[in-house]
Amino acid sequence: MMSGAGTQLMLVAAMLLIIAALFRWRENGWGAVAWLAMVVAMTAIRLPHATRNRSNRVVTVRKGRDEVLLLIGMFATMMLLPLLHLATGLFAFADYRLPDWATAVGALALLPMLWLFWRSHADLGRNWSPGLEVRDGHDLVTGGVYARWRHPMYVAIWLAVLVQPLLIHNGVGGMLAIPAFAAMWWLRVPQEEAMLRERFGEAYDAYCARVGRLWPRVRS
């Protein structure tokens, strides 16, 4: 996990890029402003949990090269590259245009996405971690939104990356988040579930049998 000083430096840099991007809102379009609001909201939701959970005593951690590369890829494609483009027009060669209705669909989708992102953090509480970690006293959370999805936070992020190219009309700043998160989903989720299975055994198997990963299961 990034140190407190590193987190503060990253937040300051992001804020400067956001301010620069807002000055270019006419060039970027109103969809980009909606995306910037999403970034601020997601940061506001996650930061208190990251700060509080830094004091967790971790008993199991799996942070190999693949995990580090996945996190770097997600940070670059979901935040760094879009902000650089919106603030400077650096990737203007990859611009494209979409009709207003497509941008409106993307903006409306931010509402359920942000609610689910907030609710999944709130339901996990001290059990949330940005990496593959199990803390001392880790609980198996099966209530709240976790009664419907095994990975509601990932559902929210899937929504975020799918609407990003609807809001940022640029192949680099908008579209690259989709393959980056797809790689994280396919590589990380099996490892995460394996850790939970080791920790909770049959209780986790029973949970998986009744709750789907991305789609709620239809109960007979």
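Key figures for this structure:
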item	result
Residues being open to solvent by less than 30 Å² (accessible area, probe 1.4 Å) and among the hydroxyl-bearing types (Ser, Thr, Tyr) - total across segment 39-77	1
Total residues in segment 150-168, condition open to solvent by less than 40 Å² (accessible area, probe 1.4 Å) and farther than 18 Å from residue 117 by Cα	3
Filter result (surrounded by fewer than 18 Cβ atoms within 10 Å (Cβ to Cβ) and closer than 24 Å to residue 43 by Cβ) within segment 83-94	88, 89, 90
Filter result for residue 122 (of a type in the set (A, V, I, L, M, F, W, C), loosely packed, with under 15 Cβ neighbours inside 10 Å, over 23 Å from residue 62 (Cα atoms) and touching a His at 6+ places or on another chain (Cβ under 8 Å))	no
Per-region count, segment 123-160, residues under 14 Å from residue 212 (Cβ atoms) and touching a Phe, Trp or Tyr at 6+ places or on another chain (Cβ under 6 Å)	2
Flag for residue 181 being open to solvent by 20 Å² or more (accessible area, probe 1.4 Å), among the aromatic types (Phe, Trp, Tyr) and touching a residue at least 24 places away in the same chain (Cβ under 8 Å)	no
Among the residues listed as 147, 107, the single one being more than 24 Å from residue 61 (Cα to Cα), more than 13 Å from the chain's Cα centre (by Cα), open to solvent by 30 Å² or more (accessible area, probe 1.4 Å) and of a type in the set (Gly, Ala, Ser)	147
Sole exception among (1) within 18 Å of residue 17 (Cα to Cα); (2) open to solvent by 70 Å² or more (accessible area, probe 1.4 Å); (3) not small (Gly, Ala, Ser) for residue 80, by number	(2)
Which numbered condition residue 97 fails, given (1) surrounded by 13 or more Cβ atoms within 10 Å (Cβ to Cβ); (2) in contact (Cβ under 8 Å) with a residue 12 or more places away in the chain	(1)
Some residue of segment 73-83 being more than 13 Å from the chain's Cα centre (by Cα) and among the β-branched types (Val, Ile, Thr)	no
Residue 135 being touching a helix residue (DSSP H, G or I) at 6+ places or on another chain (Cβ under 9 Å), charged (D, E, K, R) and more than 30 Å from residue 87 (Cα to Cα)	yes
Some residue of segment 26-36 being under 22 Å from residue 120 (Cα atoms), modelled with pLDDT of 90 or more and open to solvent by 30 Å² or more (accessible area, probe 1.4 Å)	no
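The values are calculated or read from the model by the stated rules, or taken from the named source; none is laboratory data. Since the model is a prediction, treat every value here as computed from it, not as a measurement. Ideal geometry is used to build each Cβ from the backbone, glycine not excepted, and the neighbour counts take in all protein chains shown. Surface accessibility is based on the protein's heavy atoms, side chains included, excluding ligands, DNA and RNA. Shrake-Rupley method; radii C 1.70, N 1.55, O 1.52, S 1.80 Å.
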